[in-house]
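Taking it in order: structure first as structure tokens, then the write-up.
The values are calculated or read from the model by the stated rules, or taken from the named source; none is laboratory data. Since the model is a prediction, treat every value here as computed from it, not as a measurement. Every residue, glycine as well, gets a Cβ built from its backbone with ideal geometry; the counts of neighbours run over all protein chains shown. Side chains included, ligands, DNA and RNA excluded: accessible areas come from the protein's heavy atoms. Shrake-Rupley method; radii C 1.70, N 1.55, O 1.52, S 1.80 Å.
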Amino acid sequence: QVQLVESGGGLVQAGGSLRLSCAASGRTFSSYVMGWFRQAPGKEREFLAAGTWNGGATTYADSVKGRFTISRDNAKNMVYLHIDSLKPEDTAVYYCAAEPRGSWFSYLNYAHWGQGTQVTVSS
């Protein structure tokens, strides 16, 4: 059974940085695409970034390009999302997801999800 556990969220001031972590367990993720999404209250789940475990191919939503960076540690089965220059509008629950079947950009295509970690940015 696949398990994803996010951590690293919290309350931060605008302009600060944060690194979110996602620990994957249960299977070998060497060939999986991993993605990060977020969901703010009353809004649809939003794609942020995705990348392959082994090839280093990554893609970002235009809205976060330049501020968000996805990275991974294959030896530890960890995926990270580094966020710079945090803004109040970044406030949301952040999720990692694995194994999209189809487009990386749609949350509907991902087979596995973590429980999410709350990020709150104060102005």
Query - Solvent-accessible area per residue for the chain (1.4 angstrom probe, square angstrom) - result: 50 Å²
Report summary line: To the nearest 20 debye, the chain has a Cα-centred charge dipole, built from +1 on Lys and Arg Cβ and -1 on Asp and Glu Cβ, of 140 debye
Requested in this report: Multiply the residue gap between Asn74 and Ser123 by 0.36 nm, knock off their C-alpha separation, and tell me the result in nm, one decimal place.
Outcome: 14.1 nm
Report summary line: A student applying the Cα gyration tensor rule (rounded when a/c is under 1.5; otherwise prolate if a/b is larger than b/c, oblate if not) would label the range 25-75 oblate
Query raised in the report: Roughly to the nearest percent, how much of the accessible area of the chain is carbon and sulfur, given a 1.4 Å probe?
Result: 47 percent
Requested in this report: Give a residue-ordered list of calculated ³J(HN,Hα) values for the range 99-104 (Karplus: 6.51 cos²θ - 1.76 cosθ + 1.60, θ = phi - 60°; whole Hz; x for Gly, Pro).
Outcome: 6, x, 10, x, 4, 6
Report task. Note down the magnitude of the dipole of the range 35-80 about its Cα centre, charges +1 on Lys and Arg C-beta and -1 on Asp and Glu C-beta and zero elsewhere, to the nearest 20 debye. Result -> 100 debye
Report task. Report the Stokes-Einstein translational diffusion coefficient (µm² s⁻¹, integer) for the chain, Rh taken as the Kirkwood radius over Cα pairs, at 25 °C with viscosity 0.890 mPa s. Result -> 172 µm²/s
Requested in this report: Enumerate the amide H contacts of Gly116 below 5 Å, restricted to partners 5 or more residues apart or on another chain; note that Pro and chain-start residues carry no placed amide H.
Outcome: Glu6, Cys96
Query raised in the report: lysines near Lys65 by alpha-carbon distance under 22 Å, same-chain residues fewer than 8 away left out - which ones?
Result: Lys43, Lys87
